[in-house]
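K.L.:
My questions all concern the structure below.
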2 protein chains.
Amino acid sequence: MSDRLNTPSERSVKNSGLTVRVSRTDDQAPAETMQDRAYQTLRHALIVGKLPPGKGISLRAMAEDLGVGVMPMRAAIARLSAENALAVHDNRRVSIPEMTMDRFDQLMQARLLLEPACAMRAIGAIDTAALARIRAHDDQMNASYQSGDAELYMAANYAFHFEIYRAGQSEVLTRLLESIWMQFGPFMRKVYGLVGTARLTDKHEIAINAIERRDVTRLKLAIEADILDGMDLLGKSIFTDANDSLLSKGRSAGRSGRKSGTSGDAA
Amino acid sequence: MSDRLNTPSERSVKNSGLTVRVSRTDDQAPAETMQDRAYQTLRHALIVGKLPPGKGISLRAMAEDLGVGVMPMRAAIARLSAENALAVHDNRRVSIPEMTMDRFDQLMQARLLLEPACAMRAIGAIDTAALARIRAHDDQMNASYQSGDAELYMAANYAFHFEIYRAGQSEVLTRLLESIWMQFGPFMRKVYGLVGTARLTDKHEIAINAIERRDVTRLKLAIEADILDGMDLLGKSIFTDANDSLLSKGRSAGRSGRKSGTSGDAA
DNA sequence: GGTTTCAAATTGTGATCACAATTATTATGA
DNA sequence: TCATAATAATTGTGATCACAATTTGAAACC
């Protein structure tokens, strides 16, 4: 604790589920401040579904887990709460939001409205380099699907979509979508372990093809179809009473908190 | 007949434009904590356009102006920044975001996509009491238009729209829209003073009529038309080089150095 | 055994101080 | 007069302490 530790050289990796590795899901902020480090780490954990819905988030505990001070963690949690990635209860306690059918519907409707529009705005700006990265993400996703690494699978899926959206430099729309993805990330991860992720037709391939041909309509349809695939797969059928108990294993943070370690149930 | 609304020239320039009054724009959080009080106050100021684009936001100065401590203000600013209502620059300095044509396009596109959907989700849940409130907001808006109170005008417009959207209990979508409205609030306020707010046909009346008849399609069209009216009014034509200097009077607090042009007294 | 009671631990909120980095202001040079 | 250097003021970030409100765990009770 000598002088300024602006340099992200040292990374005090700690215990528990998520390590402090500065694994930024995307090329966002430089994360030069501690609170940005904490934010990026938590954000990545949410998107890849490392954290189960309902899990309580304790300020001090999470700060120690991530190896940062309390103040940076406070800021990170506040930011994620404002982005609706974390839920604040009346008790002023924070947790990973629980998923409901209504919430899922809204999230998917928002995706269905915003993502095709975002893709269409971007299609003209995707050069060969960007297209190569998009292909790489898709390959990574297929590989992770084969190897059964759900977190890598989700990270690659996120990277694929946002590599497209970000090409259009639609910052406003992209920010909205980032918030949305963080919200259904934890839920998706849980669900991927339950239902077989049988991919009918690879909509990503169609999307890549549409980008090559600069076919705006086709790209729009591909993105829509990709989202609908996910909805069909884990939509309504998941929210039965039988499965509901499975999905909300980590109870609402209103009570308890001792089950902070429930990050298992891998696929 | 055109320039009904007050120009923002009288904006009190000094930071102390907004008092601590807990003027909540809507019926949101209980705001029992200090940081919620600060958040609600700033949020309301943004939505009604009390703060000009480009204005720098100083943590300590704003805290003193609002009569709260530094910690609550820090949390409030962090939250609004996460909601993209405030812009954080590389200097880690915060300001009211400047408006660009591209940003405006994206905001309006997001509105165009989300708001009709939100209204359609809500139409079935609007009972007579809610409809009465909606009418009251519209009346308030017309009255404010006549009297030339731009801030009240904008507050009523906000209340009108979100009274509809919130009836559908679409929390996810509504949150997204709140972020969007906070983003174009400051810009709208500035623009209202420049262009004459000549309302061609009152789309609000059409919307109310559609709600009465439970005419979903008609409501969707009314909301779309209302948004398009605003776009046509202050869209492309505003972003000419001539007007641009007017619009970005308070310069960005970013790299260019100069802090908010409103640091002193008169502009 | 099951419920109630009560102390210890933990929670988020907020204040206060410290510090490095900018920004603003004044002083000093040609 | 104008540009440069030095100084003062202000900024956001972070640590640390304090405090009230819950939550937890165990003891005490019926």
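The values are calculated or read from the model by the stated rules, or taken from the named source; none is laboratory data. Keep in mind that what you see is a predicted model, and the values were worked out from it rather than measured. Backbone-built Cβ (ideal geometry, glycine too); neighbour counts: all protein chains shown. Accessible surface areas use protein heavy atoms only, side chains included; no ligands, DNA or RNA. Shrake-Rupley method; radii C 1.70, N 1.55, O 1.52, S 1.80 Å.
K.L.:
Taking only pairs six or more apart or across chains, which ones have beta-carbon atoms under 7 Å, a first residue in the range B:81-97 that is closer than 14 Å to B:R43 by Cα, and a second residue that is away from DNA strand C (no atom under 16 Å from the Cβ) and among the basic types (K, R)?
P.N.:
Matching pairs, first to second residue: B:N84/A:R175.
K.L.:
For residues that are of a type in the set (A, V, I, L, M) and in contact (Cβ under 8 Å) with a residue 24 or more places away in the chain, scanning just the range A:70-80, find the one that is nearest to the other protein chains (Cβ to nearest Cβ).
P.N.:
The selected residue is A:A75.
K.L.:
Can you confirm whether B:R103 is assigned to a helix (DSSP H, G or I), open to solvent by 60 Å² or more (accessible area, probe 1.4 Å) and more than 11 Å from DNA strand D (Cβ to nearest atom)?
P.N.:
No.
K.L.:
Counting residues that are modelled with pLDDT under 90, which helices (runs of 4 or more DSSP H) fully inside the range A:186-263 reach at least 3?
P.N.:
Numbers: elements: A:203-212, A:216-234, A:241-247.
Hits in the range A:186-263: A:216-234, A:241-247.
K.L.:
From (1) assigned to a helix (DSSP H, G or I); (2) within 10 Å of chain B (Cβ to nearest Cβ); (3) without any contact (Cβ under 8 Å) to a residue 24 or more places away in the chain, pick out the condition that doesn't hold for A:A110.
P.N.:
It fails just one condition, (3).
K.L.:
What number of residues within the range A:136-175 are open to solvent by less than 10 Å² (accessible area, probe 1.4 Å) and either more than 14 Å from chain B (Cβ to nearest Cβ) or touching a residue at least 60 places away in the same chain (Cβ under 8 Å) (or both)?
P.N.:
9
K.L.:
Please pick out the residue among B:A159, B:A136 that is part of a helix (DSSP H, G or I), under 26 Å from B:L42 (Cβ atoms) and more than 16 Å from the chain's Cα centre (by Cα).
P.N.:
That would be B:A136, the only listed residue that is part of a helix (DSSP H, G or I), under 26 Å from B:L42 (Cβ atoms) and more than 16 Å from the chain's Cα centre (by Cα).
K.L.:
Exactly one condition in (1) more than 19 Å from the chain's Cα centre (by Cα); (2) in a loop (DSSP other than H, G, I, E, B); (3) under 20 Å from A:G185 (Cβ atoms) is false for A:E98; which is it?
P.N.:
Tallying (1) more than 19 Å from the chain's Cα centre (by Cα); (2) in a loop (DSSP other than H, G, I, E, B); (3) under 20 Å from A:G185 (Cβ atoms), A:E98 fails exactly one: (1).
K.L.:
Moving to a separate point now. I need a count of the residues in the range B:23-54 that are within 16 Å of DNA strand C (Cβ to nearest atom), in a loop (DSSP other than H, G, I, E, B) and either at pLDDT 95 or above or of a type in the set (A, V, I, L, M, F, W, C) (or both).
P.N.:
Of the residues in that region, 2 qualify.
K.L.:
Is it true that A:S12 is at pLDDT below 95 and within 15 Å of DNA strand C (Cβ to nearest atom)?
P.N.:
So A:S12 does not fit the description; no.
K.L.:
Condition (residue is surrounded by fewer than 18 Cβ atoms within 10 Å (Cβ to Cβ) and either within 12 Å of another protein chain (Cβ to nearest Cβ) or in contact (Cβ under 8 Å) with a residue 12 or more places away in the chain (or both)) applied to the range A:183-190: is it met by at least one residue?
P.N.:
no
K.L.:
A follow-up question, please. With respect to the numbered conditions (1) buried (at least 16 other Cβ atoms within 10 Å of the Cβ); (2) more than 10 Å from every other protein chain (Cβ to nearest Cβ), which one is the sole condition not fulfilled by A:A117?
P.N.:
(2)
K.L.:
Quick check on my filter: what residues within the range B:122-143 are out of contact with any Asp or Glu (no Cβ under 9 Å at 6 or more places or on another chain) and among the basic types (K, R)?
P.N.:
Within the range B:122-143, B:R135 is the sole residue that qualifies.
Every residue, every condition in (1) touching a Ser or Thr at 6+ places or on another chain (Cβ under 9 Å); (2) among the polar types (S, T, N, Q); (3) open to solvent by less than 10 Å² (accessible area, probe 1.4 Å); (4) under 16 Å from A:S179 (Cα atoms), yes or no:
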| residue | (1), (2), (3), (4) |
| --- | --- |
| A:Q35 | no, yes, no, no |
| A:R43 | yes, no, yes, yes |
| A:P53 | yes, no, yes, yes |
| A:E64 | yes, no, no, no |
| A:P72 | yes, no, no, no |
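K.L.:
Moving on. Residues B:A130, B:A87, B:A125: which one is farther than 28 Å from A:R175 by Cα and open to solvent by 20 Å² or more (accessible area, probe 1.4 Å)? Working first, answer last.
P.N.:
Working: B:A130 fails: open to solvent by 20 Å² or more (accessible area, probe 1.4 Å); B:A87 fails: farther than 28 Å from A:R175 by Cα.
Checking each option against the conditions leaves just B:A125.
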